Amino acid sequence: MSLADRSLALSTGSRNRQRSNFELYAWLFMRVSGVVLVFLVLGHLFIMNILDGGVQRINFAFVAGRWASPFWQVWDLAMLWLAMLHGTNGLRTIINDYAERNQTRFWLKMLLYVSSAFIILLGTLVIFTFDPTIG
Amino acid sequence: MATAPVGTLYRGGQGMWSWVAQRITGIAVFFFLYVHVLDTALVRVSPEAYDIVIATYKTPIVNLLEVGLVGAVLYHALNGLRVIAVDFWSRGPRYQRQMLWAVVGVWVVVMLPGTYYMMRHTVEALFGATP
Ligand code: HEM
Ligand code: HEM
């Protein structure tokens, strides 16, 4: 669907939708975040799994070395937020598609939002409070 | 449902299956990410706790699962770019089928050496040195 078709479908389509552009922005966000995630996530996977020794070399000291650099901190932070928001929005669409009863849909989405918020906050906290001298 | 699926991308055929696969890989990667942020959070507990859990990533079976994860992310990323091209590029819809073959082609070309490098250590550990 093109952008124009999309806004057309949204403004004329579906039952009792309020005049809001939320779905359009969500749709756009999936595409913009997707393009950025190609670099962040595929780069992450290449570094972690292929580059010198791959997964075999990962341990606490390795993470400490990486998070000593603001570059990788920002990289991981951006990846965390974009991937979690992209994935959460994707799951919201899937719940809307398959959960038929209003009640079920509501509670599944609440569960999704609460657990996603928890993961985003935890991941952010871990990056900002990382302490290489712990333990 | 309409009977003539001319010009639709989603009714049966590759268009639908590529979308089903986009959905399944998206869900799988999302659930992995939940667990992954939790395991990374162990760096705030102690170096030992983190190293013990990360050690499971290095075992043969989990190593194989990682190849599957990378394959899922790679498909989702490539096909996601194709979906974006169909939406925003004026000739996207016309070339969507060719682009799907390109997705499959690039996936195979990246996964062949990728699997080799990801599994090399495991294969050496299990069956002795590789040539
Ligand atoms: C088997 C494959 C993977 C391995 C071995 C791996 C490894 C790691 C390691 C060692 C870290 C610690 C931080 C650092 O060194 O930069 C990390 C953090 C992170 N990874 Fe991965 N990763 C994998 C797959 C993924 C995938 C597929 C995603 C995204 C969908 C992802 C997203 C993240 C994020 C968001 C963080 C930061 C976590 C936080 O804020 O606490 N990783 N990963
Ligand atoms: C690597 C780069 C990525 C690209 C280019 C990408 C692209 C896309 C696109 C274009 C869509 C379709 C949205 C729509 O139909 O409106 C989508 C859906 C989705 N993505 Fe991604 N994505 C990427 C990474 C990820 C990651 C890391 C996750 C998981 C955390 C994820 C989870 C999902 C989910 C759950 C959906 C919903 C599927 C559906 O509605 O059928 N994606 N992605």
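The values are calculated or read from the model by the stated rules, or taken from the named source; none is laboratory data. Everything numeric here is computed off the predicted structure, so don't read it as measured data. No Cβ is skipped: glycine too gets one built from the backbone with ideal geometry, and neighbour counts run over all protein chains shown. Just the protein is used for accessible areas: all its heavy atoms, side chains included, with ligands, DNA and RNA removed. Shrake-Rupley method; radii C 1.70, N 1.55, O 1.52, S 1.80 Å.
Observations on the model:
- Each part reduced to its alpha carbon centroid, segment B:23-50 and segment A:44-105 end up 8 Å apart.
- Counting charges near B:Ser46 (Lys, Arg +1; Asp, Glu -1) among other residues having Cβ under 15 Å from its Cβ returns a value of -3.
- Relative contact order [Cα under 8 Å, 6+ residues apart], chain B, whole percent: 24 percent
- For the pair A:Arg57 and A:Leu121, label points projected 7 Å from Cα toward Cβ lie 3.7 nm apart.
- Between B:Val45 and B:Val62, residue separation times 0.36 nm minus the direct Cα-Cα distance comes to 3.8 nm.
- Note on chain A: Kirkwood radius taken over Cα pairs, Stokes-Einstein applied at 25 °C and 0.890 mPa s, translational D equal to 138 µm² s⁻¹.
- For chain A, calculated [θ]222 nm from helices alone, where every DSSP H run of n ≥ 4 adds -39500 (n - 2.57): -26500 deg cm²/dmol
- Projected area averaged over orientations for the protein assembly as shown, convex hull of C-alpha atoms, nm²: 17.5 nm²
- With Cα atoms, 0 to 90° folded angle of helix B:47-57 axis to chain B main axis: 50 degrees
- All other residues whose Cβ lies under 15 angstrom from that of B:His76 are scored, Lys and Arg at +1 and Asp and Glu at -1, for a net of +3.
- Order of exposure, largest accessible area first, which applies to A:Asp76, A:Asp97 with probe 1.4 Å: A:Asp97, A:Asp76
- Between helix B:92-127 and chain B: long-axis angle, C-alpha atoms, 0 to 90°, nearest 10: 20 degrees
- Solvent-accessible surface of protein heavy atoms, probed at 1.4 angstrom with all chains present, puts B:His121, B:His76 in the order B:His121, B:His76, largest first.
- Dipole of segment A:19-129 [Lys/Arg +1, Asp/Glu -1 at C-beta], most positive-end residue of A:Asn89, A:Pro70, A:Leu45: A:Asn89
- The calculated 222 nm mean residue ellipticity attributable to helices in chain B amounts to -28500 deg cm²/dmol, summing -39500 (n - 2.57) over DSSP H runs of n ≥ 4 and dividing by all residues.
- Largest GNM mean-square fluctuation across A:Trp67, A:Trp81, A:Trp107, computed for chain A with C-alpha springs under 10 Å, falls on A:Trp107.
- Chain A: angle of helix A:3-12 to the longest principal axis, Cα-based, in degrees nearest 10: 50 degrees
- Under 13 Å, Cβ to Cβ, from B:Gln98 - net charge with Lys/Arg +1 and Asp/Glu -1: +4
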